[in-house]
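I have placed the structure first, in the form of structure tokens, so that the comments after it can refer back to it.
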Amino acid sequence: MAGGGFTTDSVGKERANLYKGRVTPYVIIACIVAAIGGSLFGYDVGISGGVTSMDDFLEQFFPEVYMQKKHAKENNYCKYDSQKLAAFTSSLYVAGLIASLVASPITRKYGRRISIIIGGVSFLIGSILNAAAGNLAMLILGRVMLGIGIGFGNQAIPLYLSEMAPTHLRGGLNMMFQVATTLGIFAANMVNFGTQNIRPWGWRLSLGLAGVPALLMMVGGIFLPDTPNSLIERGMKEKGRKLLEKIRGTSDVEAEFEDMVDASELANSIKHPFRNILEKRYRPELVMAIVMPTSQIMTGINSILFYAPVLFQSMGFGGHASLYSSALTGGVLACSTFLSIATVDRLGRRVLLISGGIQMIICQTIVAIILGLKFGENQALSRGYSILVVVVVCLFVVAFGWSWGPLGWTIPSEIFPLEIRSAGQSITVAVNLLFTFVIAQAFLGLLCALKFGIFLFFACWIVVMTVFVMLFLPETKGIPIEEMAYMWKKHWFWKLILPADEF
């Protein structure tokens, strides 16, 4: 067994009942500052779709799409079908995928804080390059720098939030990342709505304003402390203990401190966490690191958020109406995330995931039926059906906002033992960005080929992942982050998979 013979029991003694402390203003402020990084991801998700529907942007960088949009009337679903346009959106996610893997050893060796700062700097550079772009190559380079920023930020921030938060409020505080993401999406939609009539450089303002959350993330990272877990893992036990006492508001932190020390000793004994995470004893964590981010993307939410203006225009909405509709969905997503924060540590993760999944299945199916019956070749939706589609899409977004949106990040960030935590989070981010890239690259083509069937395609995926949660995801509510290993051995399925000598 790798790691010098440590077993799961070496990491914790199931002493969570001895944890002391309260929620302090210090930890809340630190989590809010760190979560601002989520707005980077959200702003880009929201801004991309709006910019790619602006005529001035298309005319300069994608003239063939501009001509197709203006003159191709034979198929409403295919107005924006262009691999070059898809590559503009998806190039960011390839860069982010690679960056997230690079960020893992940096986050582990130098701490969560340094990765947050690197992410902010890279994203700031990318926003400047995009705003100043005069050709497609410079535009793509800017997207790559944005991707590096997102890779580092998404790798470090959820870990930071989970490690700083007290156990009983970890779900809610961790979701500050998703709140920032949704607020970033909403802000981007409102910026697009405001800049669409600033011609011919409104799109430059939209892309350049991405530097605002990047600057906040960078400056915030400079003033943030690192987490006690990271300090202890890097050999600074006394400093880690003092910080733990500060964020818990008490000097009686012995039980939690000892769990962190035990976990750090095991973590430091493992030299190759990416190799170790493949071991059978980490099989549940590895499966969740793959399934949770994959499922989050396969809800189809990114298709709606990336391409909301494009999607609504394809349905026959006018330019102003499509941007207004996408701004509405962004606002709904932001509000629904607060519902999840209020309930996740009381109702638990499974209830939210399952109920959200059921509602999303119903909404996707309704939209597919409406488009299948009332929308086709050269046929726009009537006003009544257009309003109904927007309402149903908003209900879909609400369900995502209280379930798979925040929990797709929260659950992976809280289940990994310290010895594989950075590696596990990197896999989670890499898988998320991989499938984000695939969907971003393929969606316009799928929309053209499948037409209304694209919504049924995503509905089928949601059925599969909802059943998966019912069968294979145990409840993580109220379980200390350093004692998650005990959760798996009590689950009906995973206890059959884990090696017996772990117990």
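Yes/no per residue for (1) at pLDDT 90 or above; (2) closer than 27 Å to P293 by Cα:
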position	(1), (2)
F152	yes, yes
H168	no, yes
L205	yes, no
P228	yes, yes
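Can you name every residue in region 186-210 that is aliphatic (A, V, I, L, M) and under 25 Å from V121 (Cβ atoms)?
A187, A188, V191, L205, L207, L209, A210, listed by residue number.
Just to check your reading of the model, which residue among L496, L471 is open to solvent by 10 Å² or more (accessible area, probe 1.4 Å) and in contact with a Phe, Trp or Tyr (Cβ under 8 Å, 6 or more places away or on another chain)? Let's see the steps before the verdict.
Working: L496 fails: in contact with a Phe, Trp or Tyr (Cβ under 8 Å, 6 or more places away or on another chain).
Answer to the selection: L471.
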Practice prompt. Of the numbered conditions (1) open to solvent by 40 Å² or more (accessible area, probe 1.4 Å); (2) in contact with a Pro (Cβ under 6 Å, 6 or more places away or on another chain), F435 fails exactly one; give the number of that condition.
Written response: (2)
Worksheet item: Conditions: (1) crowded, with 23+ Cβ neighbours inside 10 Å; (2) at pLDDT 90 or above; (3) out of contact with any Leu (no Cβ under 7 Å at 6 or more places or on another chain). S403 meets all but one. Number of the miss?
Response: (3)
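Conditions tested, residue by residue: (1) in contact with a Lys or Arg (Cβ under 8 Å, 6 or more places away or on another chain); (2) assigned to a loop (DSSP other than H, G, I, E, B).
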| residue | (1), (2) |
| --- | --- |
| A459 | no, no |
| M465 | no, no |
| F468 | no, no |
| L471 | no, no |
| E475 | yes, yes |
| G478 | no, yes |
| M487 | no, no |
Practice prompt. Report yes if R204 is within 16 Å of N130 (Cβ to Cβ) and among the charged types (D, E, K, R), otherwise no.
Written response: yes
Discussion item. Restricting to region 489-503, count the residues that are out of contact with any Asp or Glu (no Cβ under 9 Å at 6 or more places or on another chain) and either under 15 Å from G300 (Cβ atoms) or not in a loop (DSSP other than H, G, I, E, B) (or both).
Written reply: 6
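Pick out the one residue from G147, G126 that is over 16 Å from R204 (Cβ atoms) and either open to solvent by less than 40 Å² (accessible area, probe 1.4 Å) or at pLDDT 90 or above (or both).
On the way: G126 fails: over 16 Å from R204 (Cβ atoms).
Checking each option against the conditions leaves just G147.
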Practice prompt. Those residues that are part of a loop (DSSP other than H, G, I, E, B) and under 29 Å from L286 (Cβ atoms), I need them from region 231-263; list them, please.
Written response: R234, G235
Response to the item:
Scanning region 89-109 for residues that are surrounded by fewer than 22 Cβ atoms within 10 Å (Cβ to Cβ) and either basic (K, R) or in contact with a Lys or Arg (Cβ under 8 Å, 6 or more places away or on another chain) (or both), the one modelled with the lowest pLDDT turns out to be S91
Item to complete: Could you name every one of the helices (runs of 4 or more DSSP H) located completely within region 337-417 that has at least 2 residues being within 18 Å of I479 (Cβ to Cβ)?
Response: 349-374, 404-415
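May I ask you to say which residue of V45, V65 is at pLDDT below 85 and within 20 Å of the chain's Cα centre (by Cα)?
Criteria check complete, one pass: V45.
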Discussion item. Looking at region 212-230, can you tell me whether even one residue there is among the small types (G, A, S) and not in a helix (DSSP H, G or I)?
Written reply: no
Practice prompt. Specify the residue that is farthest from E483 (Cα to Cα); the eligible residues are those in region 190-236 that are open to solvent by 10 Å² or more (accessible area, probe 1.4 Å) and of a type in the set (S, T, N, Q).
Written response: N197
Practice prompt. Output the residues belonging to region 243-255 that are free of Cβ contacts under 8 Å to residues at least 12 places away in the same chain and either surrounded by 15 or more Cβ atoms within 10 Å (Cβ to Cβ) or in contact with a strand residue (DSSP E or B) (Cβ under 7 Å, 6 or more places away or on another chain) (or both).
Written response: E245
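Among the residues of region 264-285, count how many are farther than 19 Å from I106 by Cα and either assigned to a helix (DSSP H, G or I) or in contact with a His (Cβ under 7 Å, 6 or more places away or on another chain) (or both). Don't jump to the end; show me each part of the working.
Residues of region 264-285 that are farther than 19 Å from I106 by Cα, as a first pass: 278-285.
This time we only want the ones that are either assigned to a helix (DSSP H, G or I) or in contact with a His (Cβ under 7 Å, 6 or more places away or on another chain) (or both), so: 280-285.
Total meeting the criteria: 6.
Tell me yes or no: at least one residue of region 190-198 is modelled with pLDDT of 90 or more and under 25 Å from P406 (Cβ atoms). Give the derivation first.
Residues of region 190-198 modelled with pLDDT of 90 or more: none.
No, because not a single residue in region 190-198 is modelled with pLDDT of 90 or more and under 25 Å from P406 (Cβ atoms).
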Practice prompt. Just one of (1) under 30 Å from G478 (Cα atoms); (2) open to solvent by 10 Å² or more (accessible area, probe 1.4 Å) trips up R170, so point out which.
Written response: (2)
Discussion item. Taking the criterion of being touching a residue at least 12 places away in the same chain (Cβ under 8 Å), among the aliphatic types (A, V, I, L, M) and open to solvent by 40 Å² or more (accessible area, probe 1.4 Å), would at least one residue in region 439-446 satisfy it?
Written reply: no
Worksheet item: Across region 330-359, what is the number of residues that are open to solvent by less than 70 Å² (accessible area, probe 1.4 Å), at pLDDT below 90 and either out of contact with any helix residue (DSSP H, G or I) (no Cβ under 8 Å at 6 or more places or on another chain) or charged (D, E, K, R) (or both)?
Response: 1
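The values are calculated or read from the model by the stated rules, or taken from the named source; none is laboratory data. Keep in mind that this is a model prediction, so the values were computed, not measured. Neighbour counts are summed over all protein chains in view; Cβ atoms, including those assigned to glycine, are modelled from backbone coordinates with ideal geometry. The accessibility values were calculated without ligands, DNA or RNA, using every heavy atom of the protein model including side chains. Shrake-Rupley method; radii C 1.70, N 1.55, O 1.52, S 1.80 Å.
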